[in-house]
Structure formats: C-alpha cells, structure tokens
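Notes for the one structure printed next.
Laboratory data are not the source of any read-out in this text; all were calculated from the coordinates shown. Everything numeric in this text was worked out from a predicted model, so none of it was measured. No Cβ is skipped: glycine too gets one built from the backbone with ideal geometry, and neighbour counts run over all protein chains shown.
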Amino acid sequence: MEPTLTYEEAYRELAAIAREIESESVPVDVLAQKVRRASELITWCQARLRTTETEVNKIISQMDKQP
Amino acid sequence: MIGIDSNFTLGQLEQQRQATLARLVRENPDFIWPAAGGYGTKNKQLPLPGVIQHIAVIASRTSAGWQDFHHTLDNNPFGYAFRIDEYFTVVQGENNTQQFLSRLIDVFNSGNSYDAVVIIRGGGAQTDFLIFDDYMIGKAIAKFPIPVITGIGHQKNETIADLMAHTPTKTPTKAAEFIINQNRSFEDSVNRLRQNIVIRAQQQFADNNKALNRVNNTIINKSRTILGRQQELLTSAKTSLLIHSNNYCRNQKKYLDHFVSIIKIASPENTLRRGFAIIRSNNKITGNPDDLTVGKDIEIIFANKEITATVTAKKDYDGTDFNL
C-alpha cells in the first residue's frame, strides 16, 4: 500500500470501486484486479481504524486515570 | 462615635453615599456609568478567567474574614490549589483610605498576572464600612484592570466598592465559594468536553466501520453476481453448443448412413444376391452382347457360384419381362 495514503483517500477509492462494481460496469477482465485492490484497501482501512481506536482508547483510559 | 445619634448619622451617611455615587458617574464617564440595577464599570466588563488560581487578597491581617476566606479555599472539596498573595492593610476607618489605595497600586505594580483581586473584611460596625464608600477607592476599583471580587461582610446596603467591583459577594466565605464554583464550572465544562470527545470518537469508529462493512459487502455480493451471471451465460452457451453440435453430428451421420445404405444396395454382392449375374469374357466383365459371339466361352458369376458356359445362340430381346 502507498505510504502516503490517507484513510479518506483509501475510502474514496474503495467507494469508487464499489460503485463501479455495483453498476456492473467493470469488465470481467479487470474484475479480479479491482476486487483485489478493494480487498487490500478494506484491510488497510480496517487496520488503520483499529490502530487509531486502540490508540484513542489508550488515551481515554489514561485520561480517566487522572483525577 | 459616642454621643452621636446613630439614626441621624446613618441618614447622613446614605446622603453622602448617594452624592459620592453621583460624583463617580459624573467625573468618570469613561469607566463608570449607570446601568440597569446599578452601575456599569470597566472592571465589570473584564472577562473573569475560567480558572481563578492566582489571587491577590487585600485584607486586614488579623481579621476573621481573612481567616474564613483562606480556610474555605484551603479546604475546598475538589482539591483545587491556589496561589494567594496577601496585601495586608487596615480595611476600616476613613483615615486609612490612602493605605488601602496604595495596597491596590502594589497589586497593580507587582507585575503578577493575577486572575482576580479579592477585597475582604469581616465584622465591625456599620460605620466601619465607610472606607468602602470612599470616592477614591470606588474610582480605583471601577478602573482596575484585574477583576475585583469583594467579600466585605455587610448586612444592609452594598458599599460603593461592591457596586464598582466585578463580582460583589456578601462575605469572605462567599467570595471563596464563588471562586471555587467558578473553577468547578470550568472543570465541569472540561469534563463535558472530554465526555463528548469520547462519545464522538466512538461514534466515528462505529460509523466508519459500518461504512467499510457496507462497501465490503457490496463488493463481495456484486462481484459474485457478476461472476455468477457470466457463469450462467457460459453454461448456457456451453449447453447450446453441445446440443447443436450433437444435432449437427447426428444429422451428418444420418446423411452418411443414407449414402451407405444406397451404396450397399448398389453393391455388386447385393445385386448378385437379388438374382443378377455378371458375365465375363476374355477375363473382362462385360455388359455388351456384341462382345459375346456364338461359340465363345464365357464365365457367368453368381453371388456364390461361377459357371463356365459357351454361347450357343444369340437373338434380339424386347426386354418386357421386367416391366413392373
């Protein structure tokens, strides 16, 4: 995955692929390629989300420990 | 004060107080003006910091009010810490006006950025409040660049100092409580923000997760649909190909079989079996009677026999025996 990718960009690309597939405008020749890219993007987004959530939860629990 | 009729004195004092207030408004229009329910002053317009921690206190060292104020702040139930700088003076009696004013100026000149200046006093007779009705002190408070909180401990009318101050409270204890409450409100608002951040963050995670799952499902389902449809098309193409090619082959085979049977029917074996015979002369098959002259030896070939014969006669034949 591109090192400079942001969550927003990844999600936008993902949504675009989903729209293409939804409207069935993807030729079969590139379907596998598109689905593979979508799968990579989803995995990346989920990992990103999970990392951030863990981080935020850690910060919140530290916040709660303070009086 | 012995020998003075106190009723008379208080009436006089009130007149004097009204006169002082009128003079304050008249002579200092830039920072004192009449407003609904009292007076507006520059000091009242100063924003009070959300957290009041660094405080300058003008009080009498020995007064009970100072002790009350200090005690209330020190024992606040929330554990807030305060930095209190003491500016002790004698806070009663008209004659100490100058000393009081110089303490106020000390606060200003200290170079400390105080969150608030607190003026307190505790106990004493009504006439002891005269210092707080002083023109110069009223003017100084109205103009002072740090919010002034008063806790002068009076029962009846507010003093001029109270009217000019940012926040007047009735007693030193109340002044301390006001400060603690101010800090408490700030902490509450911070806690509310913290709570909001937690809720919003979780909400955002939930929303993003939902959106991702939705996209994921769309892609999975739709890809399957696309592939499924193509698969169907392929299957039906395959089926029709199979059917048509089978038919084609079957038809071709029928044509072939037809030719085979025709050919079989026409084969010499079958012809011989049907009663026809082949005539051979000079080792050559012939159907021409001109080749067969009388006296010539010929072979007559049947389906499974061969006869050698000699031509004994030859005549014309009208060919009507087989006329069906």
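Given Cα positions, please report Rg to Rh for chain B, the hydrodynamic radius being the Kirkwood one.
Using only Cα positions, Rg/Rh for chain B is 2.13.
With each pseudo-label sitting 7 Å past Cα toward Cβ, what's the B:GLN15-B:GLN252 distance in nm, one decimal?
Placing both labels 7 Å beyond Cα along the Cβ direction yields 13.7 nm.
Between segment B:23-65 and segment A:1-39, what is the C-alpha centre distance in whole Å?
Taking the Cα centre of segment A:1-39 as reference, the centre of segment B:23-65 is 65 Å away.
Just tell me which lysines come within less than 21 Å, Cα to Cα, of B:LYS296; anything on the same chain fewer than 8 places away is out.
Partners within reach: B:LYS284, B:LYS305, B:LYS314, B:LYS315.
Quick one: angle between helix B:64-74 and the longest Cα principal axis of chain B, in degrees between 0 and 90, rounded to 10, please.
It works out to around 20 degrees.
If amide hydrogens are placed 1.01 Å from N in the peptide plane, which non-local residues have theirs closer than 5 Å to the one on B:ILE119?
B:ILE58, B:ILE149, B:THR150, B:GLY151
Each label point is 7 Å from the Cα along the Cα-to-Cβ direction; what then is the distance between the points at B:ASP321 and B:LYS143, in nm?
Rounded to a tenth, the inter-label distance reads 16.4 nm.
Among B:SER113, B:THR167, B:ILE285, whose Cα lies farthest out toward the positive end of the dipole of chain B, if unit charges sit on the beta carbon of Lys, Arg (+1) and Asp, Glu (-1)?
B:ILE285
By count of other Cβ within 10 Å, fewest leading, how are B:PHE82, B:PHE302, B:PHE132 ordered?
B:PHE302, B:PHE82, B:PHE132
Check which residues have an amide H placed less than 5 Å from B:GLN53's amide H, if you skip close sequence neighbours.
For B:GLN53, the qualifying residues are B:ASP115.
Sort B:LYS315, B:LYS296, B:LYS264 so the one with the fewest other Cβ atoms within 10 Å of its own Cβ comes first.
Ordered by Cβ neighbours within 10 Å, fewest first: B:LYS315, B:LYS264, B:LYS296.
Relative to the longest principal Cα axis of chain B, at what angle does helix B:6-27 sit, 0 to 90 degrees, rounded to 10?
Around 50 degrees separate the two axes.
Give me the one-decimal Kirkwood hydrodynamic radius in Å for segment B:110-265, with the sum taken over alpha-carbon pairs.
24.8
With label points built 7 Å along Cα→Cβ from the Cα atoms of B:LEU292 and B:THR62, find their separation and express it in nm.
17.7
Whole-Hz Karplus ³J(HN,Hα) for segment B:305-314, in order, using 6.51 cos²θ - 1.76 cosθ + 1.60 and θ = phi - 60°, x for Gly and Pro?
9, 10, 10, 9, 9, 10, 6, 9, 8, 8
Do the alpha carbons of any pairs in B:LYS44/B:LYS170; A:LYS34/B:LYS238; A:LYS65/B:LYS210; B:LYS44/B:LYS143; B:LYS44/B:LYS139 sit beyond 20 Å of each other, and which pairs?
Long pairs (Cα-Cα over 20 Å): A:LYS34/B:LYS238; A:LYS65/B:LYS210.
Once you charge only the Cβ atoms, +1 for Lys and Arg and -1 for Asp and Glu, what is the size of the charge dipole of segment B:174-324 about its Cα centre, to the nearest 20 debye?
Rounded to the nearest 20 debye, it is 1240 debye.
Give me the tail of P(r) for chain A as a percent: Cα-Cα pairs with distance above 19 Å.
Above the 19 Å cut-off, chain A has 48 percent of its Cα pairs.
Provide the gained length on full extension for the span B:ASN209 to B:LYS264, in nm with one decimal, where the gain is 0.36 nm per separating residue minus the Cα-Cα distance.
My answer for the length gained is 11.8 nm.
Quote the Stokes-Einstein diffusion coefficient, in whole µm² s⁻¹, for the protein assembly as shown, based on the Kirkwood radius over alpha carbon pairs, a temperature of 37 °C and a viscosity of 0.692 mPa s.
100
Along segment A:49-58, what does the Karplus equation 6.51 cos²θ - 1.76 cosθ + 1.60 (θ = phi - 60°) give for ³J(HN,Hα), rounded to whole Hz, x for Gly and Pro?
Taking θ as phi minus 60°, the curve returns 5, 5, 4, 4, 4, 4, 4, 4, 4, 5 Hz for segment A:49-58.
To the nearest whole number, what is the average tally of beta carbon atoms from other chains within 10 Å of the beta carbons of peptide B:187-200?
1
Report the local net charge at A:GLU24: Lys and Arg +1, Asp and Glu -1, summed over other residues whose C-beta lies under 9 Å from its C-beta.
0
What's the local net charge at B:VAL25, with K and R +1, D and E -1, over the other residues with C-beta under 15 Å away?
Neighbour charge sum, excluding B:VAL25 itself: +4.
If R₀ is 30 angstrom, what is the calculated FRET efficiency for the pair B:GLU27 and B:PHE78, using the beta carbon separation as r and rounding to 0.05?
0.10
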